[in-house]
Amino acid sequence: MTVGDWKEPEGEKFALGTVEEQARWQAEYHRLVRDTVERERAGRGTDVDVDLRTIGMRIPRNDALYKVRGRARYAGNIEMEGMLYGRFVRSQYPHARILKIDISKAETAPGVKGILTAAEIPDDRLLVGPISDDTPILARDKVRFAGEPIVAIVAETEQQAEAACLLVEVDYEPLETVITPEQALAEGTVRIDPEDGNVITDLHHSQGDIEIGFTEADIILENDFETEPIDHCFLETPAGVAFVDSDDVLTVLVCTQYPHYHHKQLARVTGRPMERVRVVQTVVGGAFGGKMDNTVECASALLTLKTGRPVKIVFTREEVFTATTKRHAMKIHQRLGATKDGRITALDVRNLFDGGAYRSYSMICSGRCVIHAGMPYRIPNLRVRHTAVFTNHAPSGAMRSFGVVKVAFAMECQLNELADKLGMSPIEIRRINGLVDGDHTSTGQTLTDVGLLKSLDAIEPIYEQRQKDLAGQSNGTRRRGLGIACLGYGIGYSGVRNPSTARVRAEADGTVTAFCGTPDIGTGSDTSLAMVAAESAGIAVDRIRVVSGDSTKTDDSGPTSASRTTYFSGNAAHIAGQDFKQQFETAVANKLHAPREEVRLQEDSVIARNERMTFEEACRLIGDEIDGIGGYGKFDPDIAVNILTFEGNPYPTYVFATHLVEIEVDTELGTTDLLKAWCAHDAGTIVNPTGAEGQIEGGVAMGVGQALWERVVRQDGYIMNPHYRDYLLPGAKDVTQEIESIFVDTHDRTGPYGAKGVAEVSLIPIPAAMASAVADAVDARPSHLPMDAEYMLGLLNGNGA
Amino acid sequence: MTVDVTLNVNGRPHSLSVEPTETVVGILRERLGLTGTHKDCSMGVCGACTVLLDDRPVSSCLLLAPQADGREIRTVEGLERDGRLSPLQQAFLTHGAVQCGYCTPGFLMTATALLEENPKPTRSEIVEAIKGNLCRCTGYKKIIEAVESVTG
Amino acid sequence: MSCRYTAARTTAEAVEALVAAKGEAHVIAGGVALVILMNEKLVEPSWLVDVSRIDALHGIDRLSDGTVRIGAAVTHREVAESEIIAEAFPMMSEMAAEIACGRIMNKGTIGGNICLADPQGDPPITMLALDATMRTVGPDGRRDIPVREFFVDLYETALRDDELLQEILIPPMKPGSITAFGKYAARKAMDYTSTISAAVRLIRGAGNGRIEEISLGLGGVGQTPVYSEALEEMLTNVRPSDEVFGRVRERLFAVMEPIEDHLYSANYKRHVAAVTLRRTVMKAFSGTWEGEGVLIR
């Protein structure tokens, strides 16, 4: 591929494959979808709401054809003529002043074509970040974590760039290293950040009167919980290709959750006008919140501008571990008060986040942890204090649930202990306290369409049956246990408007393209959005191609994160589809000189004056004027929260779930196995059951990892296990196949066809449910994640955490 | 020094001059343009780079090119027959076994070898075969179901 | 840095290269350990001697005296599938079938694994329990090294720089011998750090009520694959009981120095070693086993 010939027609999705491949496989996809639709229709019978022709079908993903052929375009697969390859020189110290950077030996090393240091980046362009611009593209005077990039080098081969990096000499003056949040907050500790010292954010929120709440309580549980840092472990390491195209547009092809963010950032960092920048999302090999920060984007862009040649940078796995964001290590101190009949009267929470060296998404995660403290329960008297601090660790950022998995770990463990102490079942205690329609959240939001109790209803009979089945089965060193945990999770950004848009257009040959702002990061959202747009437009789903993830072809609709794509972009696609349908019908009516109301586009054909024509025929009839038809949808719910008082409506809707897990503990070794999981979700209407189940099953697997093994091991500011050999991810034998996804019958009045979303949330209850199942099995209460075997053995032997 | 080797990839011989320390994953991706074989951990743990060497799965990140000299290598690009997906590829599509897709070629190669050797594996034999391939998205269930669906 | 490469066809060619390289060569068979180190840039070989295509390093045979000969370049998969081994030393088949995963079994070799001398390695401890002999070939010809003299220190063996492990000779077990292999791993597959394993061969006596004789190897409990005559003695001529295993455990805690790592402390490893050993001995002794395959749980 060359810089000149990479461009593709407007309606093609670059990431999927070449134009020829797309043409070839589109027909195959049509057949596949048609077969699926026919099969599903036959199986549905007649009792289905006729208005839902596509929603709810198991439509295969439109990108899987490329993926099973090994032809999907991940950024690392892209080669261009004249391409250079980049590598970084990274800090050897967790905290140090940079005294001198000597690149002279590297400059003359074989193959080296360009070297970038912070010295040549102007002050106002050096700092970047998703929320605050605080992270240098390359460190200039000081490094704040081991692994921080200092110099970027491009060469004719990756090996040459790597070799040249070893020739760069950096003189450091080591500084005191801050490795725990407590140390960061202690008086006299060195200040990591010039502006804020060591505090990233310190949030307070209260509702009711906490003292009165505890006075009313008959029982108070006070416990500490701790979780370790986690890595996203998306299998595709960050990778990107930057070049200037033949129209002088700086183009970055990169695996990201948010192309428009990089677009704006690159315009600022390069000083280019917005229209001379383009960011195209390549196929993303997993993200989970870890592909929303700058990694390769800025350095590759600056180096392509500097050298005039395409630049590709691909992170190694070790770089991912040492230099990309992590899930926050967190400490939670919780006091929970309740009456003896099980009613929660007060909750007092103190959270401490290890935010690492820069802000990244710490602020967002912190806000979410505050808003979700006590979710999904009625807490009349609540007090939360949440502090996130700087340390000399790799920055902590966004990861699946933005911290709520840890909040839920504490809350659900507390609630289960409360149930035990009061002699109640974990179901009952949740029925008493669980949120229902008309309840208010701690921010004062009134809830509607809350399916929490329905999810409890779905789990209850299974729980009771398994309790009977297991009675007396635990023996010797093998102990079985059951655990329940719930979740409540707000969809979308926390208290900040985050609109999504979509456009739907047709071509004369009957092809329809939906341009959607949020990219598909591997979840299958493009397919769900195609289904929604098709349903709303009244056309067949296989007709629709989704173009997403291109900063110049779609509007900024925020990132694919926070479980927001089905709901936000789904609503946008719904509105755009309806708009398209209206315009299309009008165009046909005009051509036929028929009354507007006598023309209807439905089930992929047009009925006009009682005559039916195919969609293609209608497109031909409309002719050139079809270019004038552009369905547009914007979904921008009115949400806002005051970050000082935490009053307001932070999210347009909430999803809920109840999970039940069955585990077995080997009490002699301390090991735990997940045997079964039942996951009942209120996700609203399910757009694509296959996709929704896939999200849940994946969430369970990730939850097992976080519950039992996953931990980034740090020592004195260095990561000791930057590889899969010592960072243990669950494999097929470690994740049960007995995962049952249950979708309770709920309908969100504000969602597209009643949908809310699933995505990241399926992870949230798993560690808590597993911890509670452990408590059920062995009569010891874990308060630490991961519950690795040695920790568990200590707990069983009464050594505590 | 360089070594002259012939790698038979998907039935086609490629004569190459290689450094002895070059790995097959690098050659496939960088010299033969076969980027369907993915690269991640470079220590044989993740399975993303799985190829078949004389019909058996191996980590191509740990396979030095001279060691593959004269031997048959099969990659995900070689699974189609006459432009048609193999039944296993088709099953991955329809069972939702593909999410981000980065691990998919490795799973396809591992399961292809299993099915060629044992066309009717039990579920536990399937799990045993894929136990060393990591997937961060799917939770494995749909992958296992997809393989199971083509066992006849 | 450029690297020389010798694709040896005979042991003589391989030894010639090893001699010429004066200690700078790296022998490669399956490469699953060496290439990881190369990818991590912990090893940058200047001369690779590939022994994977030497006929003399292949094959599994039973010799006329009942000794089983395993070529050093035999893969784990071949060991796992060998009928000769399944019949002669069942625990070796089980052990080999549970090494990492299929991809690694298809490429990794028994000789490579033994020469790596990883304290966590599984094949070495079966050798210790079976009293195997390592037959090497060097410029001065053959040398037979009893396995109990083979593992010298962390990743260090008695093999000289100019020597090659050619084959492994395992004498027939005494009549009545029962073997068992047990492994502890955090997960159920793919673990190769922090594993603890035990290989046991024993003979029962007194109406199957006592252990009459035992030999064993322990993995993950020291700087090398470990055997312990003291432990063997404690388990000889006894009826296995909580009291006996209690003494074994005490001894393990007193003398074993497992490497503390990112997952587990040395003490936890000692504890797991005691459990693993007990469960594996009982697997051989009474057939009780709640584990899955060779995994002890």
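For the stretch B:87-149, what is Rg from Cα atoms divided by 2.2 N^0.38 Å, rounded to two decimals?
Numbers: Rg = 10.2 Å, N = 63, 2.2 N^0.38 = 10.6 Å.
Here the Cα radius of gyration is 0.96 times the empirical estimate.
Evaluate the charge dipole of the stretch B:3-76 about its Cα centre and quote only its size in Debye, nearest 20, assuming +1 on the Cβ of each Lys and Arg and -1 on the Cβ of each Asp and Glu.
Numbers: 7 positive and 9 negative charges, 44 e Å.
Roughly 220 debye for the stretch B:3-76.
Between chains B and A, what is the buried accessible area summed over both chains (1.4 Å probe, protein heavy atoms, nearest 100 Å²)? List each step's numbers first, then the result.
Numbers: alone 8060 and 29090 Å², together 33200 Å².
That pair hides around 3900 Å² of surface in total.
Give the Rg/Rh ratio for the stretch A:399-455, taking Rg as the radius of gyration of the Cα atoms and Rh as the Kirkwood radius, to two decimals. Please list the in-between numbers first.
Numbers: Rg = 13.0 Å, Rh = 12.8 Å.
Reported Rg/Rh (Cα atoms, Kirkwood Rh): 1.01.
For A:SER563, what residues show an amide H to amide H distance below 5 Å, using hydrogens built from the backbone and excluding near sequence neighbours?
Here A:GLU760 satisfy the definition.
Sequence neighbours fewer than 8 away in the same chain don't count; with that in mind, list the aspartates and glutamates whose C-alpha is under 13 Å from A:LYS581.
Answer for A:LYS581, where 13 Å is the Cα cut-off: A:GLU535, A:GLU597, A:GLU603, A:ASP604, listed by chain and number.
Where nothing but the Cβ of Lys and Arg (+1) and of Asp and Glu (-1) is charged, how large is the charge dipole of chain A around its Cα centre, in debye to the nearest 20?
Working: 82 positive and 115 negative charges, 98 e Å.
That gives chain A a dipole magnitude of about 460 debye.
Quick one: what are the phi-derived ³J(HN,Hα) couplings along the stretch A:311-328, Karplus 6.51/-1.76/1.60 with θ = phi - 60°, whole Hz, x for glycine and proline?
Result, rounded to whole Hz: 10, 10, 10, 10, 6, 7, 4, 5, 4, 4, 5, 8, 10, 9, 5, 10, 6, 4.
In Å³ and rounded to a whole number, note down the convex hull volume per residue for the Cα atoms of the stretch A:539-650.
Values: hull volume 15.5 nm³, N = 112.
Normalising the Cα hull of the stretch A:539-650 by residue number yields 138 Å³.
So how compact is the stretch B:3-76: Cα radius of gyration and Dmax in angstrom?
Radius of gyration, then largest Cα-Cα span, for the stretch B:3-76: 10.8, 29 Å.
For chains B and C, what's the summed buried accessible area, probe 1.4 Å, to the nearest 100 square angstrom? Please list the in-between numbers first.
Details: alone 8060 and 13630 Å², together 19220 Å².
For B against C, buried area totals roughly 2500 Å².
I need two numbers for the stretch C:170-268: Rg to one decimal and Dmax as a whole number, Cα atoms only, in Å.
14.7, 45
Please name whichever of C:SER194, C:ALA266, C:ASN208 sits farthest to the positive end of the charge dipole of the stretch C:179-286, dipole taken about the Cα centre and charges placed at Cβ: Lys and Arg +1, Asp and Glu -1.
Projecting each Cα onto the dipole axis, the largest value belongs to C:ASN208.
To the nearest Å, what is the center-to-center distance of the stretch B:4-35 and the stretch A:374-447, using C-alpha atoms only?
54 Å
When only C-alpha pairs under 8 Å and at least 6 residues apart count, what is the relative contact order of chain A, in percent? Provide the component values of the computation, followed by the final result.
Values: 2032 pairs, mean separation 116.8, N = 801.
Reported relative contact order: 15 percent.
Looking at the stretch A:629-688, I'd like the Rg to Rh ratio, where Rg is from alpha-carbon atoms and Rh is Kirkwood's inverse mean 1/r.
For the stretch A:629-688, the value is 1.27.
Explain nothing, just the number: relative contact order of chain C, from Cα pairs under 8 Å at least 6 residues apart, as a whole percent. The partial results should precede the final answer.
Numbers: 656 pairs, mean separation 47.1, N = 297.
It comes to 16 percent, rounded to a whole number.
Per residue of chain C, what 222 nm ellipticity follows from adding -39500 (n - 2.57) for every DSSP H run with n ≥ 4, rounded to the nearest 500?
Numbers: 11 runs with 97 residues, N = 297.
When only DSSP H runs of four or more count, the value is -9000 deg cm²/dmol.
Tell me the per residue accessible area of the stretch B:87-149 using a 1.4 Å probe; a whole number in Å² is fine.
Values: 1660 Å² over 63 residues.
It amounts to 26 Å² per residue over the stretch B:87-149.
Give me the percent of accessible area attributable to carbon and sulfur for chain A, probe 1.4 angstrom.
On chain A, the fraction of accessible area on carbon and sulfur atoms equals 48 percent.
Taking only C-alpha pairs under 8 Å that are 6+ residues apart, what is the relative contact order of the stretch B:3-76 in percent? Can you show the working numbers first?
Details: 144 pairs, mean separation 29.6, N = 74.
Contact order relative to length: 40 percent.
Before rounding to the nearest 500, sum -39500 (n - 2.57) across all DSSP H runs of length at least 4 in chain A and divide by the residue total; then give [θ] at 222 nm in deg cm²/dmol. The partial results should precede the final answer.
Details: 20 runs with 231 residues, N = 801.
Value at 222 nm, helices only, nearest 500: -9000 deg cm²/dmol.
Specify which residue in the list A:LEU660, A:GLY114, C:TYR184 is farthest towards the positive end of the charge dipole of the protein assembly as shown, using unit charges on the beta carbon of Lys, Arg (+1) and Asp, Glu (-1), about the Cα centre.
Result: A:LEU660, furthest along the dipole toward the positive end.
Which one of C:THR276, C:ALA254, C:PRO225 has its Cα pushed farthest toward the positive end of the charge dipole of the stretch C:179-286, where Lys and Arg give +1 and Asp and Glu give -1 at the Cβ?
Among C:THR276, C:ALA254, C:PRO225, the one farthest towards the positive end of the dipole of the stretch C:179-286 is C:THR276.
Based on the Kirkwood radius over alpha-carbon pairs, what is the Stokes-Einstein translational diffusion coefficient of the stretch A:577-712 at 25 °C with 0.890 mPa s viscosity, in µm²/s? Intermediate values should be presented prior to the final figure.
Details: Rh = 20.7 Å.
The diffusion coefficient I find is 119 µm²/s.
Bin width 5 Å, origin at 0, all Cα-Cα pairs of the stretch A:261-350: what percent of pairs per bin?
Spelled out bin by bin, the stretch A:261-350 gives 2, 10, 15, 16, 12, 9, 6, 5, 6, 6, 5, 4, 2, 1, 0 percent.
Ignoring any ligand, DNA or RNA, what whole percent of the accessible area of the stretch B:87-149 comes from carbon and sulfur when the probe is 1.4 angstrom?
Values: 940 of 1660 Å².
Using a 1.4 Å probe with all protein chains present, the stretch B:87-149 comes out at 57 percent carbon and sulfur.
Write down the radius of gyration of the protein assembly as shown and its Dmax, each obtained from C-alpha positions, in Å.
Just the Cα atoms of the protein assembly as shown yield Rg and Dmax of 31.0, 105 Å.
Residues of the stretch C:38-57 that become at least 50 Å² less accessible with every protein chain present than in their own chain isolated, using 1.4 Å: which are they?
By number: C:ASN39, C:GLU40, C:ARG53.
For the stretch C:4-50, what does the equivalent ellipsoid look like in terms of its semi-axes, each the square root of 5 times an eigenvalue of the Cα gyration tensor, given largest first in whole Å? Each step should come with its number before you reach the end.
On the way: eigenvalues 76, 28, 9 Å².
Rounded to whole Å, the semi-axes are 19, 12, 7.
Residue by residue through the stretch A:681-689, what is 3J(HN,Hα) from phi via Karplus (6.51 cos²θ - 1.76 cosθ + 1.60, θ = phi - 60°)? Round to whole Hz and write x for glycine and proline.
Whole-Hz 3J(HN,Hα) from phi for the stretch A:681-689: 10, 8, 10, x, 5, 8, 6, 9, x.
Quote the convex hull volume per residue of the stretch C:59-170, based on C-alpha atoms, as a whole number of Å³.
Numbers: hull volume 10.7 nm³, N = 112.
So the per-residue hull volume is 96 Å³.
Go through the stretch A:394-401 residue by residue and turn each phi into a ³J(HN,Hα) via Karplus (6.51, -1.76, 1.60, θ = phi - 60°); whole Hz please, and just put x for glycine and proline.
Karplus-based 3J(HN,Hα) across the stretch A:394-401 equals 3, x, 8, x, 7, 8, 2, 5 Hz.
Bin width 5 Å, alpha-carbon pairs only: give the P(r) of the stretch B:15-152 as whole percents, running from 0 to the bin holding the largest distance.
Histogramming the stretch B:15-152 at 5 Å steps yields 2, 11, 21, 24, 20, 12, 7, 3, 1 percent.
Can you list, largest first and rounded to whole Å, the semi-axes you get for chain C by taking the square root of 5 times each eigenvalue of its Cα gyration tensor?
Numbers: eigenvalues 214, 90, 54 Å².
Taking √(5λ) for each eigenvalue gives 33, 21, 16 Å, largest first.
What does the net charge come to around A:ASN571 if you take all other residues with beta carbon closer than 13 Å to its beta carbon, with K and R at +1 and D and E at -1? Please list the in-between numbers first.
Working: positive: A:ARG564, A:LYS634, A:ARG749, A:LYS756; negative: A:GLU535, A:ASP579, A:ASP636, A:ASP748.
Summing Lys/Arg as +1 and Asp/Glu as -1 gives 0.
Using the Cβ atoms and a cut-off under 15 Å, what net charge is assigned to the surroundings of C:VAL137, where Lys and Arg are +1 and Asp and Glu are -1? Intermediate results must be reported in sequence, preceding the final value.
Numbers: positive: C:ARG9, C:ARG69, C:ARG135, C:ARG142, C:ARG143, C:ARG160; negative: C:GLU13, C:GLU16, C:ASP55, C:ASP140, C:ASP144, C:ASP161, C:ASP162, C:GLU163, C:GLU167.
Its environment carries a net charge of -3.
Please compute the per residue accessible area over chain A with all protein chains in place, 1.4 Å probe, rounded to a whole number of Å².
Details: 26010 Å² over 801 residues.
Accessible area per residue: 32 Å².
For each pair in A:LYS733/C:LYS283; A:LYS67/A:LYS756; A:LYS13/A:LYS291; A:LYS733/B:LYS142; A:LYS406/A:LYS634; B:LYS142/C:LYS188, compute the distance between the two Cα atoms and list the pairs where it is over 25 Å.
The pairs that break the limit, which is 25 Å between Cα atoms, are A:LYS67/A:LYS756; A:LYS406/A:LYS634.
Rounded to the nearest 500, what is chain B's calculated 222 nm mean residue ellipticity when only DSSP H runs of at least 4 contribute -39500 (n - 2.57) each, over all residues?
So the helix-based figure for chain B works out to -7500 deg cm²/dmol.
Only Lys, Arg, Asp and Glu count, each charged at its Cβ (+1, +1, -1, -1), so figure out the dipole size of the stretch C:4-50 about its Cα centre, rounded to 20 debye.
Charge dipole of the stretch C:4-50: 20 debye, to the nearest 20.
The values are calculated or read from the model by the stated rules, or taken from the named source; none is laboratory data. The model shown is predicted, which means the values in this text are computed figures rather than measured ones. In this analysis, Cβ positions are derived from the backbone assuming ideal geometry, glycine residues included, and neighbour counts consider all displayed protein chains. With ligands, DNA and RNA removed, areas are computed over all heavy atoms of the protein, side chains included. Shrake-Rupley method; radii C 1.70, N 1.55, O 1.52, S 1.80 Å.
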